[in-house]
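Asks: Can you read through this structure? Questions will come right after.
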Amino acid sequence: MIAVEGVSKTFGTQHVLRNVSTVFETGKVNFIIGRSGSGKSVLTKCIVGLLEVDEGRIMFNDRNFTAMNEQERKAVRQEIGMLFQGSALFDSLTVEENVMFPLTMFSNMSKAEMLDRVNWCLKRVQLDNANKKFPAEISGGMQKRVGIARAIAMNPKYLFCDEPNSGLDPQTAIVIDNLIKEITYEFNMTTVVVSHDMNSVIEIGDRINFVFEGEIWWSGDKVDILKTTNDELNNFVYASDFMRIVREKLQ
Amino acid sequence: MVFSHRMQIFTNIGRYALLMASVFRRPEKWKIFYRLTVLEIDKIGVQSVGIVALLSLFMGAVICIQTAANIDSGWIPVYTIGFTVRQTMILEFSPTIIPVIMAGKVGSNIASEIGTMRISEQIDALDIMGINSANYLILPKLVGALFIFPFLIVMSMVLGITAGAWVGELAGVISMPDYQTGITYDFRPFQVAYSLIKTTVFAFIIVTISAYYGYYTKGGALEVGKASTQAVVYSIVLIMICNLLISQLVLT
Ligand SMILES: Nc1ncnc2c1ncn2[C@@H]1O[C@H](COP(=O)(O)OP(=O)(O)O)[C@@H](O)[C@H]1O
Ligand SMILES: [Mg+2]
């Protein structure tokens, strides 16, 4: 479980996060949704410590991450896996080397053990026969899979995904979404997905946090979200004609 | 506006110092550090041998011919040609001009490589894993460059002086024995040492300045290009300033 308690973040005079509090539950896919520029990525980066918070604290299973020094944070970081928006694979390394990277840096496994683990991870994301390819030689959907494989290589307790299906076609997007859901349940991870895609929310969302102008405007599950009476959330959820048709059908 | 530009300089110096503080840490794994350093020695050094050799050969040859053309007075001994080639190569061309060329070749490469990693979140990916990204990315380049630069510079000196000898004889401006007298006349090994120290400082400037501009790139491909230009310009400016300071300090 990750608890965000009263977090604020300012860039110069711009208040990006104001007193944000929420909880991400273990074994569930927790969403952070909101419009572009609402502060979703900044919130995520504050949680994992890529940005320092101005106020408030972040708790990883009752461990106060905000108060830790670099050395203590490093221990927590090794329990975190992250899938980046653009996959962020190391482009000088092959697929296999990318997934092996955290293992070579932090584990004491032998080469053969590492290779076993890598192959297991790649198989888990249904990516065989791409071991020796470079990131530039595979498709966006395959890059995301490698990103997931790298993120789970160290058996993380916490998984963060920043816009996991941006830039993917709808079918591939759903495959990636479901992969995230399956892995979350299989390993009982605390998963946080940042997205603005209502499709994903409906497909795999367990708990949803709606960020509006740097505040958590609404939290709930996906049944609640479709019948929300919150104006800003309504505008967000029913922004497309498609969703408006869904609303009519629901009523 | 003027005020904010002045502040910009202090911000840059402060951030540069902070970056250096994280670069000079113990590597996560020595074996990996060692492997990366060897890779960088190849990328920075071995792959620059061609261009450095070419420039040095031509410069040695040209200095020889230029000097010969300018001393056709009976009062100046002909071995001056060899002497001039040696002094020019050892004191300035090899230790200063070669690093300026390297700033263009290696510096822009370092800035764009690290800048691309920044904008594509590869550096965030390293940081998330708990890896000190500055140390992991920059230290092997720095150690590699500090190691290989002196070799490149000595090679440049030797090739330049040799080319002067060949061309001097081929063009009939100076005989081999006269040239030899020239290149050994009043030879002070200290000057070679001085040049190598200078070069080491320049290697440090090129790698750290270029890495700095790459590491703090924000935005997209356009900004990576800008970072790489800034890396080259500021490296060269700093090389020139330090060259003046070091010459002033050591030779007077
Ligand atoms: N490092 C930064 N420095 C200054 N402003 C930033 C920085 N990162 C994000 N911002 C600003 O914070 C706001 C929220 O950004 P972000 O969290 O990336 O939005 P999104 O919800 O689309 O992920 C934006 O207005 C952005 O310009
Ligand atoms: Mg974002």
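Asks: Under the definition of Cα pairs under 8 Å and six or more residues apart, what whole-number percent is the relative contact order of chain B? Show your work: numbers first, answer last.
Replies: Details: 305 pairs, mean separation 84.0, N = 252.
After rounding, I find 33 percent.
Asks: Would you work out which of A:Ile152, A:Leu115, A:Asn129 lies farthest towards the positive end of the dipole of segment A:90-155? Charges go on Cβ: Lys and Arg +1, Asp and Glu -1.
Replies: A:Ile152
Asks: In vacuo Debye scattering of the protein assembly as shown, one point per C-alpha: log10 I(q)/I(0) at q = 0.07, 0.13 Å⁻¹?
Replies: Log-scaled intensity ratios, in q order: -0.51, -1.21.
Asks: Counting Lys and Arg as +1 and Asp and Glu as -1, each charge on the Cβ, what is the dipole of the protein assembly as shown about the Cα centre in debye, to the nearest 20?
Replies: On the way: 44 positive and 46 negative charges, 121 e Å.
For the protein assembly as shown, the charge dipole is close to 580 debye.
Asks: Checking the cross-link filter: which lysines have an alpha carbon closer than 18 Å to that of A:Lys133, excluding same-chain neighbours under 8 positions apart?
Replies: A:Lys123, A:Lys144
Asks: Roughly how many Å is it from the Cα centre of segment A:181-204 to that of segment B:45-73, as a whole number?
Replies: Each part reduced to its Cα centre gives a spacing of 65 Å.
Asks: Let me ask something else. Per residue Cα convex hull volume for segment B:75-219, in cubic angstrom? Walk me through the intermediate numbers first.
Replies: Numbers: hull volume 16.7 nm³, N = 145.
About 115 Å³ per residue, rounded to a whole number.
Asks: If the only charges are +1 at each Lys and Arg Cβ and -1 at each Asp and Glu Cβ, what is the size of the charge dipole of segment A:90-155 around the Cα centre, to the nearest 20 debye? Each step should come with its number before you reach the end.
Replies: Numbers: 9 positive and 7 negative charges, 36 e Å.
About 180 debye.
Asks: So how far, in whole Å, is the C-alpha centre of segment A:97-170 from the one of segment A:40-91?
Replies: 20
Asks: Given a 1.4 angstrom probe, I'd like the percentage of the accessible area of chain A that is carbon and sulfur, rounded to a whole number. Please report the intermediate quantities before stating the final value.
Replies: Working: 5470 of 11390 Å².
With neighbouring chains kept in place, the figure for chain A is 48 percent.
Asks: Here's something else I'd like to know. What relative contact order, as a whole-number percentage, does segment A:90-155 give when Cα pairs under 8 Å and 6 or more residues apart are counted? Can you show the working numbers first?
Replies: Details: 69 pairs, mean separation 33.7, N = 66.
Once divided by the residue count of segment A:90-155, the mean separation gives 51 percent.
Asks: Take B:Ser22, A:Ser21 and sort them by solvent-accessible surface of the protein heavy atoms, 1.4 Å probe, largest at the top. Show your work: numbers first, answer last.
Replies: Working: B:Ser22 35, A:Ser21 65 Å².
So the residues, ranked largest to smallest area, are A:Ser21, B:Ser22.
Asks: For every helix of n ≥ 4 consecutive DSSP H residues, a contribution of -39,500 (n - 2.57) applies; sum these over the protein assembly as shown, divide by its total residues, and give [θ] at 222 nm rounded to the nearest 500 deg cm²/dmol.
Replies: Mean residue ellipticity at 222 nm (helix-derived): -19000 deg cm²/dmol.
Asks: With unit charges on the beta carbons (Lys and Arg positive, Asp and Glu negative) and the dipole taken about the Cα centre of chain B, which residue among B:Pro177, B:Ile239, B:Ser112 sits farthest to the positive side?
Replies: B:Ser112
Asks: Take each uninterrupted DSSP H stretch in chain A, measure its Cα extent along the helix axis, and return the ones at 15 Å or beyond whose mean Kyte-Doolittle hydropathy is at least -0.5.
Replies: Details: long enough: A:95-106 (18 Å, 0.73); A:111-124 (20 Å, -0.73); A:140-152 (18 Å, 0.08); A:170-186 (24 Å, 0.12).
Span-like helices here: A:95-106, A:140-152, A:170-186.
Asks: Okay, moving on. Which of the residues in segment A:88-123 show a loss of at least 40 Å² in accessible area from their chain by itself to the complete set of protein chains, at a probe of 1.4 Å?
Replies: Residues meeting the cut-off: A:Ala88, A:Phe90, A:Phe101, A:Met105, A:Phe106.
Asks: If all Cα-Cα distances of segment B:2-251 are sorted into 5 Å bins from 0 onward, what percent lands in each bin, rounded to whole numbers?
Replies: 1, 6, 12, 15, 16, 13, 11, 8, 6, 5, 4, 2, 1, 0, 0
Asks: What does the charge dipole of chain A about its Cα centre add up to, to the nearest 20 debye, if the Cβ of each Lys and Arg holds +1 and the Cβ of each Asp and Glu holds -1?
Replies: Numbers: 28 positive and 33 negative charges, 64 e Å.
Roughly 300 debye for chain A.
Asks: Looking at A:Asn98, A:Ile176, A:Val23, which one has the Cα that reaches farthest to the positive end of the dipole of chain A (charges on Cβ: Lys, Arg +1; Asp, Glu -1)?
Replies: A:Asn98
Asks: Between helix B:189-215 and chain B, what is the angle of the helix's C-alpha long axis to the longest principal axis, kept within 0 to 90° and rounded to the nearest 10?
Replies: Once rounded, one gets 30 degrees.
Asks: If you don't mind, there's one more thing I want to ask. Out of B:Met59, B:Met155, B:Met129, any idea which swings most in a Gaussian network model of chain B, alpha carbons joined below 10 Å?
Replies: Judging by the Gaussian network model, the answer is B:Met129.
Asks: Among the lysines, which have Cα under 20 Å from the Cα of B:Lys105 when same-chain residues fewer than 8 positions away are ignored?
Replies: Within the straight-line limit of under 20 Å, B:Lys105 reaches these lysines: B:Lys43, B:Lys141, B:Lys198, B:Lys226.
The values are calculated or read from the model by the stated rules, or taken from the named source; none is laboratory data. Here the structure is a predicted model, which means the values were calculated and not measured. Here the Cβ is made from the backbone with ideal geometry for all residues, glycine too, and neighbour counts use every protein chain on show. Surface areas here come from the heavy atoms of the whole protein model, side chains and all, with no ligands, DNA or RNA. Shrake-Rupley method; radii C 1.70, N 1.55, O 1.52, S 1.80 Å.
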